[in-house]
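Reading through the structure tokens given below for one structure.
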Amino acid sequence: MLGHRIVAIEERANGRFAGRVLLYDWPQFGETEIGWTLLSGARGNGYATEAARAFADWGFANLNVPYLISLIDPENEPSRRVAERLGMSVIRGEVLEGEPHDVYALRR
């Protein structure tokens, strides 16, 4: 595992920063996470889904991983919807920094 890789998400129309997508290697899980976050004004435009899909494709092409995970707060409905649009499904629960998370997985 290599650590983490972060890419900025920019709005095509004006080049403004909208958020980020990342691939992060969790040593305690032995898994690589794909994560996303957007500025509040950029939400609801499909940016997270588009960026995460592209970065997942990059990850599968460049990393030797059978699947990618996303650790999502069970109450974070927008992130749950992004994960589901990517084709991810819940494989287990985890506690991260004292908080429960659903672990979604996207297989190659």
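The values are calculated or read from the model by the stated rules, or taken from the named source; none is laboratory data. If you're wondering where the values come from, they're calculated on a predicted model, not measured in any experiment. Here the Cβ is made from the backbone with ideal geometry for all residues, glycine too, and neighbour counts use every protein chain on show. SASA here: full protein model, heavy atoms, side chains in, ligands and nucleic acids out. Shrake-Rupley method; radii C 1.70, N 1.55, O 1.52, S 1.80 Å.
Observations on the model:
- The number of residues in the stretch 32-46 that are modelled with pLDDT of 95 or more and either in a helix (DSSP H, G or I) or closer than 13 Å to Leu106 by Cα (or both) comes to 4.
- Residue satisfying all of: in the stretch 31-52; open to solvent by 30 Å² or more (accessible area, probe 1.4 Å), under 26 Å from Gly93 (Cβ atoms) and touching a residue at least 24 places away in the same chain (Cβ under 8 Å); nearest to the chain's Cα centre (by Cα) among these: Trp36
- Residue in the stretch 67-78 that is open to solvent by less than 20 Å² (accessible area, probe 1.4 Å), in a strand (DSSP E or B), under 13 Å from Ala105 (Cβ atoms) and hydroxyl-bearing (Ser, Thr, Tyr) present: yes
- Contact map, the stretch 8-22: residues that are open to solvent by less than 100 Å² (accessible area, probe 1.4 Å) paired with residues that are part of a strand (DSSP E or B) and among the small types (Gly, Ala, Ser), Cβ distance under 6 Å, separation 6+ or inter-chain. Pairs shown: Ile9/Ala18; Ile9/Gly19; Glu11/Ala18; Arg20/Ala8; Leu22/Gly35.
- Failed criterion for Ala83 (all others in (1) among the aliphatic types (A, V, I, L, M); (2) within 18 Å of Arg108 (Cβ to Cβ); (3) touching a residue at least 40 places away in the same chain (Cβ under 8 Å); (4) assigned to a helix (DSSP H, G or I) hold): (3)
- Residues satisfying the criterion are absent from the stretch 53-76 (criterion: in contact (Cβ under 8 Å) with a residue 60 or more places away in the chain and touching a Leu at 6+ places or on another chain (Cβ under 6 Å)).
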